[in-house]
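*Asks:* For reference, the structure I am asking about is given below.
The values are calculated or read from the model by the stated rules, or taken from the named source; none is laboratory data. Being a predicted model, the structure only gives us computed values, none of them experimental. All Cβ positions, glycine included, derive from the backbone under ideal geometry; neighbour counts span all protein chains shown.
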């Protein structure tokens, strides 16, 4: 499940992901909001908080994520991934080669730090 958090404002999207992300999460919530922000602001910033109950992506959601990321690789200024899961760090390192903006990880306890960094 994905939830848009109240810290979302201007060109910055802040979301919380829990359990397993589905194709529906991407097609009905995440991608429409990203497209709206890109259309209204050009380059955008995003904080993706993967809580301790995050389990990963359905195959369709993973495909939607990869496809959107490639189509909009120049539309991100900064992305912060916040998670206590160690595999997110190496996945972020791989993903950082596919976007033009900055992409870094923060520990799951560092949501406030990620929010401060995204605003710099």
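*Asks:* Among the residues of segment 57-67, which ones are within 14 Å of the chain's Cα centre (by Cα) and either at pLDDT 95 or above or surrounded by 15 or more Cβ atoms within 10 Å (Cβ to Cβ) (or both)?
*Replies:* Listed by number, the residues that qualify are 57, 61, 64, 65.
*Asks:* Could you please give the count of residues in segment 27-48 that are in contact with a strand residue (DSSP E or B) (Cβ under 8 Å, 6 or more places away or on another chain) and more than 19 Å from residue 83 (Cα to Cα)?
*Replies:* Adding up the residues that qualify gives 7.
Okay, residues lined up against (1) part of a helix (DSSP H, G or I); (2) exposed (fewer than 13 other Cβ atoms within 10 Å of the Cβ); (3) touching a helix residue (DSSP H, G or I) at 6+ places or on another chain (Cβ under 6 Å):
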residue: 26; (1), (2), (3): yes, no, yes
residue: 33; (1), (2), (3): yes, no, no
residue: 49; (1), (2), (3): no, no, yes
residue: 52; (1), (2), (3): no, yes, no
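*Asks:* Filter segment 68-101 down to residues that are modelled with pLDDT of 85 or more and closer than 18 Å to residue 13 by Cβ, then give me how many there are.
*Replies:* 15
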